[in-house]
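Structure first, then comments.
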Amino acid sequence: MVMQLHDVTFTYRNAKEQTIRRVSMALEKGEIVTILGQSGSGKSTVLRLIAGLEVPEQGEMVIEERTIFDAKTFIQPEKRGVGMVFQDYALFPHMTVAGNIKFGLKKMKRTERDERLASVIELVGLTGFEKRYPHELSGGQQQRVALARAMAPNPSILLFDEPFSNLDADLQVKIRDELRTILKKTGITSIFVTHDQADARAIADRVIVMEKGSIIKTGTPALILS
Amino acid sequence: MTVFRSIRRRTNSWSILSILFTLLILSPALSIFVQIFEKPNENWAHIQEFLLKNYIQNTLTIVLFTGIFSILIGVSLAWLVTAYTFPLRRFFKWGLILPLAIPPYIGGYTYHGIVNYTGIVQSTLRNEFGIHANPVFFDILNIPGAIFVFTIFLYPYVYIITRAYLEQQSASLIENARLLGSGPLELFFRVIIPISRTAIIGGASLVILEVLNDYGVVSYFGIQVFTTAIFQAWFGMGDVGTAIKLAGILMSLVFLILFFEKALRGRKQYSYSNAKVRPLEPVSLSRKKTTVLFAYVTVIFMLGFAIPFVQLFQWMLLTYEKVMSPEFTQLIANSVYVSMVSAFIIMAVALVIGNFTRLSDGILSKAISRVTVLGYSIPGAVIAIGVLTFFLWLDRRLNVLYEWLNIDAPIILSLSLIMLIFAYVSRFLAIGFNPVDAGFDKIGRSFTEASRLLGKPLWRTFIQVDLPMIRSAVLGGYTLVFIEVMKELPLTLLLQPFNFYTLSTKAFQYANDEAVHEAALASILIIFISGLSIFMFHAVLEKEKR
């Protein structure tokens with residue numbers, strides 16, 4: 001198991017009801033899981049809890065056999081080894097493509113860093129764009145930079161929060177297919193959050209359906225989305 | 001158990017520093033509250049019996065009438081400029097803000113210089129027309145005179161906020177009222193005033209807070225109000241206890257006004273709608289009406305800016321060579337130095353607190369951001385008393401340390417520039433905090449979260465990601481604070497170390513020593529710097545709109 005969540009519960013401040021109710025899940029190495037749900041179902045919150053951007057009330061979370069959360073432990077986001085591609089990409093506007101991608105590569109020699117940059121940038125098909133700034137790129141290209149940046153530090157797990165919602169429908173289909181190819185090629189374990197069944201069908205090995213903060217169904221896309 | 005855990009998880013250097021800074025900022029106000037109930041002495045008994053009623057009466061009279069006249073002038077100008085065309089409209093749109101560049105105390109002694117016996121008005125009447133007017137007619141050193149000065153230099157607060165509000169209103173609202181048969185006056189009173197209520201109250205409360213903060217005008221005009229009484233208790237009687245009691249009452253008055261402002265505004269906040277509405281197009285009036293309108297706008301502009309400015313400029317030309325000396329250069333250096341240091345500290349504190357409050361959602365962070373902006377509503381004299389008593393207490397606590405270090409002085413901090421700078425930080429933090437807060441608000445949290453997930457802790461994230469992204473807000477805030485400190489008077493007068501003067505305290509001293517002409521150079525410099533502040537503020541505002 002790469003990651004395990006056990007009975008995780010969370011309530012937003014000032015919210016009357018629990019946002020996440022005793023959610024448990026486990027991910028195998030290299031697996032691509034999609035969390036499907038309506039807005040307000042708590043699917044994005046699950047990602048934020050895994051990333052350490054919110055603190056659960058109770059439960060337990062383990063990534064690569066290291067406890068990142070339980071009654072006594074809370075590992076800060078920067079120490080979890082989790083990558084995330086944000087809905088709005090969150091590319092640093094004052095840094096170039098290369099600067100953005102190299103941002104997370106600490107404790108590496110300069111040559112190693114350059115090699116890593118070259119390899120991820122090739123993987124997402126943006127070789128030659130290193131010196132551009134985010135605002136000089138199209139939406140699809142920005143998305144790829146965000147992916148390259150999240151993958152560069154080699155995270156144990158990669159999280160995607162509605163990554164296609166800002167793209168045109170045509171581009172969405174193209175990038176979706178490319179993304180699956182890239183993820184399978186690198187073998188990174190990933191979780192996608194989406195409200196679009198077509199996304200889930202195209203990309204996931206397994207689908208988890210959430211409603212009102214609880215998991216109500218889980219299984220292969222064929223089984224769940226038939 | 002869970003609460004304890006949650007506190008532990010949220011504790012980091014940002015939260016600790018923010019709480020520490022907030023406690024320090026609160027300390028002056030707290031030290032007043034602690035000492036306000038201490039046993040009164042005979043000075044207080046005397047003030048309470050014979051003078052307090054007078055202070056309250058004078059303060060309330062000035063506040064009330066300045067408020068009313070500022071609203072009348074500010075709102076009418078805002079509406080006329082927005083709704084009608086007239087010659088030089090674009091110039092006046094900005095020009096009518098300019099009176100704000102003249103601090104009321106400068107305006108006050110300038111007007112006195114213009115209308116007194118040797119001033120241009122009476123001497124022209126005497127020499128050119130042989131008219132020996134009754135000097136009483138020209139005496140402005142009284143309450144109506146102070147109300148005139150405050151109104152003419154502070155009405156722009158109401159004008160700016162109301163105009164900005166009206167400009168955002170949809171044209172169809174006004175057109176509908178016109179189609180429903182409202183005449184211009186009815187439209188103004190039945191539509192414009194009610195819809196701009198929140199803006200008017202917002203602007204008027206700024207005017208009132210400025211009036212309560214003032215020491216220069218009332219002291220020069222010889223009017224007994226709270227701030228002058230605080231100065232007298234402190235400098236005249238050396239009685240800090242009485243000064244604290246007076247400061248306490250003044251502070252309660254300020255809180256009462258803030259409370260009323262909130263209550264009057266109701267649940268409506270200033271509604272800056274983002275939706276693109278069709279803005280109101282100004283219409284033209286008949287020739288006669290246009291002439292009246294133009295005359296009104298011109299008179300206000302002349303009184304609020306042109307006349308005092310031209311007079312000061314002429315005085316400056318007369319005294320320039322005499323005033324311009326190495327001491328004067330030192331004065332500029334002093335002002336620039338304290339302003340730069342204070343602005344730097346304020347921006348650093350604002351950044352720490354701003355970053356903490358945006359990253360945590362708790363009640364604590366909300367409370368901290370409220371407290372941060374509170375200082376600006378508290379009059380300078382009150383802050384000065386609070387800061388002084390706090391520093392005296394601190395000096396007493398540090399006495400052991402001084403002895404251990406072989407320093408032969410019982411008080412060090414309370415005689416130093418540190419105390420003055422601390423007081424500036426306490427009073428002007430809001431001015432630095434607001435742009436920082438708006439800047440953070442604009443960038444949101446996702447960049448920070450992205451950086452942390454890429455392995456950077458909070459401090460590194462702040463240096464490498466957050467700070468570069470809100471750079472322009474920080475620079476804007478720095479400039480605004482710098483200028484405010486430059487202009488500040490009451491707090492500086494009370495807390496400046498021995499033999500340390502700034503441009504504003506020197507200008508005020510000249511004026512008080514009946515050397516109004518000599519005060520002109522420093523005054524013109526202050527006006528120039530304030531003008532720059534207004535320009536900056538609007539440049540930032542325009543940028544924000546885009």
If each part is reduced to its alpha-carbon centroid, the stretch A:1-69 and the stretch B:296-355 end up apart, in Å, by 57
Quick one: check the C-alpha center-to-center distance for the stretch B:472-493 versus the stretch B:115-172, whole angstrom.
27
For the stretch A:90-152, max minus min Cα coordinate along each principal axis, in Å, sorted largest first?
31, 22, 18
Per-residue [θ]222 nm for chain B (sum of -39500 (n - 2.57) over DSSP H runs n ≥ 4, rounded to 500)
-23500 deg cm²/dmol
Packing-based exposure ordering (other Cβ within 10 Å, fewest first) of B:472, B:182:
B:472, B:182
Starting from 0 in steps of 10 Å, tell me what percent of the Cα-Cα pairs of the stretch B:440-491 lands in each bin.
23, 37, 21, 15, 5
Subtracting the Cα-Cα distance from 0.36 nm times the residue separation, let me have the gained length for residue B:193 to residue B:512 in nm, one decimal.
110.8 nm
Extension gain (nm, one decimal) between residue B:289 and residue B:60, 0.36 nm per residue minus Cα-Cα
78.8 nm
To test your reading of the geometry: what angle, between 0 and 90 degrees and rounded to tens, separates the Cα axis of helix A:110-123 from the longest principal axis of chain A?
70
Percent of C-alpha pairs per 20 Å bin, the protein assembly as shown, short to long
14, 37, 31, 16, 2, 0
Just to check I understand the Karplus step: with θ = phi - 60° and J = 6.51 cos²θ - 1.76 cosθ + 1.60, what whole-Hz values come out for the stretch B:19-30, glycine and proline as x?
5, 4, 4, 5, 4, 5, 5, 6, 4, x, 4, 5
Which value, in Å³ per residue, describes the convex hull spanned by the Cα atoms of the stretch B:324-546?
165
Against the rule of thumb 2.2 N^0.38 Å, how large the Cα Rg of chain A comes out:
1.01
Rg in Å to one decimal, and Dmax rounded to a whole Å, for the stretch B:74-206 via C-alpha atoms:
19.3, 58
Consider all pairwise Cα distances in the stretch A:70-182 and report the whole-number % of them above 16 Å.
60
Cα centroid separation, the stretch B:391-465 to the stretch B:13-67 (Å)
24
Taking each residue in A:88-99, count the Cβ atoms of any other chain within 10 Å of its Cβ, then average. What number comes out?
4
Whole-percent tail of the Cα-Cα distance distribution for chain B, cut at 37 Å, equals 37
Computed over chain A: longest principal axis from alpha-carbon atoms vs helix A:139-151 long axis, angle to nearest 10 degrees, is 80
For peptides A:127-135, B:190-198, B:336-344, B:380-388, sequence by mean Cβ density within 10 Å, most packed first
B:380-388, B:336-344, B:190-198, A:127-135
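Find the percent of Cα-Cα distances in the stretch B:29-306 that exceed 31 Å, and round it to a whole number. Numbers along the way, then the final one.
Numbers: 15576 of 38503 pairs.
Value for the stretch B:29-306: 40 percent of Cα pairs lie more than 31 Å apart.
Bear in mind these aren't lab numbers, they're just calculated from the coordinates by the rules spelled out. In this text, all values refer to a predicted model and were calculated from it rather than measured experimentally. Because the Cβ atoms are built from the backbone with ideal geometry, glycine has one as well, and the counts that use them run over all protein chains shown.
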